[in-house]
Structures are given as structure tokens and as C-alpha cells.
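Asks: Let me give you the structure first, and then I'll get to my questions.
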Amino acid sequence: MRPRAGAPGTGPPPRRRVVALPHAGGWPSAFRSWWQVLPADVELLVASLPGRGARIGEPPLTRVEPLVEALSRDLADLEPLPYAVIGHSFGSVLGYELTRAMEQKGLAPTLLAVSARQPPCFPSEPPFAHLRSDPELLEHLRDIGGMVPGFMARADLVQPTLRAVRADLEAMERYERPLSGTSVPVLALGAVDDPVVIAERLHLWSLETTGGFRRLMFTGGHFYLYAHANAAVIARHLVAEDRGLLGRKDLEQHR
């Protein structure tokens, strides 16, 4: 996992931690806007998965289980702090399973935020995106806003990125709902104009927890989470001390 930018020891000691898991093929830099909106005494750790970022030379993994095993091992080795988990799109699947794994270790987070991904009670169905050709996959990424300007001009990044995206999509599309859920409160997040996710399904994340539940809706398409204004709103919920506000039927919408 990669911490927020900045030299160690230059700020106040962390009182809380946020563990962030990017979208399919996402690099740790996807959460760069979050480094600006979290308080200085909140540590941000962003997952750096095989096949991207500093690990671009490693083969990406195509199953959720080994990814979660490595993430949970790394997280358990850190100095204990109250923490929240947030996952975006494919990262929501990892975040959900990471939360369950940390519960089993007796190190559960205070909150799980799942963004832009339907709940596990809606499994992926064919035709699977990970089986698309490279041109089809690139077109899909363009359609949902998943390509930064100038990306296609970087021949050194196109193929590694496609490999990572394809591997993550395969892991997500082959993922099966576990027999038991979590007791950690869940915050479901999404965008009303997301072309990928059916917004009405997000409230069914409430079926995956015996704890509190809340849903927040935004605008901004599939990658709304990385916009500075949306990140600032969500960050406040992740670091809030009062979990009593997370009622099971408390729905709130931001436009």
C-alpha cells in the first residue's frame, strides 16, 4: 500500500487511517485528489496492486482471493489505528472482502464505503468485459471516462494498463458472493449519471451488513469519486467519529 505524498514526520501523528482501493487497472495516483481533502492527521493508504504503478513489471492477478490475502496481511502488520475502507468499482469488491478478512483477524474497520459497484447479490453476467478485444476494451474505457488525456500517445503504458484492467475485470466478473456478510457499517456511494452501474441497486448493499447502512448519491459519471468536491464530501463521512448517524434507512442525495 502506498501512503499519501509527503515526507514522514512532517505532520501531526495520525489519529485515523483511510485505506483506499482504486478501480480496475487503477494506479495509486487515482486517489491524488484525496491527498488534498483529508485532514493532515488522517493517514491515507492506497493499494498498489501488481501490474501497475511501482509494480508495473509484475504480472497482474486474476482472482480476488490472493489480492485480498496480500492486502490483509500488509494491513495487519501496520500500527493499529481506527480506519475506514473505501473501494471504487472493482475496488469495492476488494474492499468488501478485505473488510471481511480483517474482521476474522479481529481488526475490523469502523466503516466500509463501496462506490460505483452493484452489490454481490447481483453477480456479473456474460458477455464478460474481460474477454473483449483490446480495441473493444479501449473503446469501453473511453465511453465511461476511464482514460486520461494523452493516454493513447503513451505506447509504453497502453498495453500494461490494458493487462491490468483485463485482469481486474476477470477477478471481478468471476467473483462469487460469500455465504456470510459483514457486521461493519456500510456506506454505499454512486452517481446518478453512472453509465455502468444501475443506481437503484446500490441500496441493496444493505443486505451485506448487519451494521448500519447509508447511501449517498452524486453526479459526475462512473469516476465521480475522484472529483475534488465529491471527494471532500465523502472524506468527511469516512473520518467522522459519530457512527450513530449511519442509520439503516438513512438515504441522502447530493447533486
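The values are calculated or read from the model by the stated rules, or taken from the named source; none is laboratory data. Computed from a predicted model, the values in this text were never measured in an experiment. Cβ coordinates were reconstructed from backbone atoms using ideal geometry, including for glycine residues, and neighbour counts include every protein chain displayed.
Asks: For the stretch 38-55, which residues satisfy the criterion of being in contact (Cβ under 8 Å) with a residue 60 or more places away in the chain and within 14 Å of the chain's Cα centre (by Cα)?
Replies: Leu49
The rows are residues; the columns are (1) assigned to a loop (DSSP other than H, G, I, E, B); (2) touching a residue at least 24 places away in the same chain (Cβ under 8 Å); (3) surrounded by 15 or more Cβ atoms within 10 Å (Cβ to Cβ); (4) out of contact with any helix residue (DSSP H, G or I) (no Cβ under 6 Å at 6 or more places or on another chain).
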{"position": "Gly25", "(1), (2), (3), (4)": "yes, yes, yes, no"}
{"position": "Gln36", "(1), (2), (3), (4)": "no, yes, no, yes"}
{"position": "Gly57", "(1), (2), (3), (4)": "yes, no, no, yes"}
{"position": "Thr62", "(1), (2), (3), (4)": "yes, yes, yes, no"}
{"position": "Leu71", "(1), (2), (3), (4)": "no, yes, yes, no"}
{"position": "Pro80", "(1), (2), (3), (4)": "yes, yes, no, yes"}
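Asks: Moving on to the next point. Can you tell me which of Gly181, Gly211 is touching a helix residue (DSSP H, G or I) at 6+ places or on another chain (Cβ under 6 Å) and modelled with pLDDT of 95 or more?
Replies: Gly181
Asks: So, one more: Name the one entry in Leu45, Leu49, Leu75 that is among the hydrophobic types (A, V, I, L, M, F, W, C) and within 24 Å of Leu216 (Cα to Cα).
Replies: Step by step, each of Leu45, Leu49, Leu75 is checked, and only Leu45 is among the hydrophobic types (A, V, I, L, M, F, W, C) and within 24 Å of Leu216 (Cα to Cα).
Asks: Moving to a separate point now. So, restricting to strands (runs of 3 or more DSSP E) that lie completely within the stretch 110-228, which ones have at least 1 residues that are of a type in the set (Val, Ile, Thr) and buried (at least 20 other Cβ atoms within 10 Å of the Cβ)?
Replies: 111-115, 186-191
Asks: Do we have any residue at all in the stretch 54-64 that's among the aliphatic types (A, V, I, L, M) and out of contact with any Asp or Glu (no Cβ under 9 Å at 6 or more places or on another chain)?
Replies: So far as the stretch 54-64 goes, yes, one or more of its residues are among the aliphatic types (A, V, I, L, M) and out of contact with any Asp or Glu (no Cβ under 9 Å at 6 or more places or on another chain).
Asks: Quick one: in the stretch 191-214, which of the residues that are among the β-branched types (Val, Ile, Thr) and out of contact with any Leu (no Cβ under 9 Å at 6 or more places or on another chain) is nearest to Thr110 (Cα to Cα)?
Replies: Out of the qualifying residues, it is Thr210.
Asks: Scan the stretch 93-109 for residues that are among the basic types (Lys, Arg) and either without any contact (Cβ under 8 Å) to a residue 60 or more places away in the chain or assigned to a loop (DSSP other than H, G, I, E, B) (or both) and report the count.
Replies: Count: 1.
Asks: Another question, then. Taking the residues in the stretch 178-234 that are in contact with a strand residue (DSSP E or B) (Cβ under 6 Å, 6 or more places away or on another chain) and of a type in the set (Lys, Arg) as candidates, determine which candidate is nearest to Trp27 (Cα to Cα).
Replies: My answer is Arg215.
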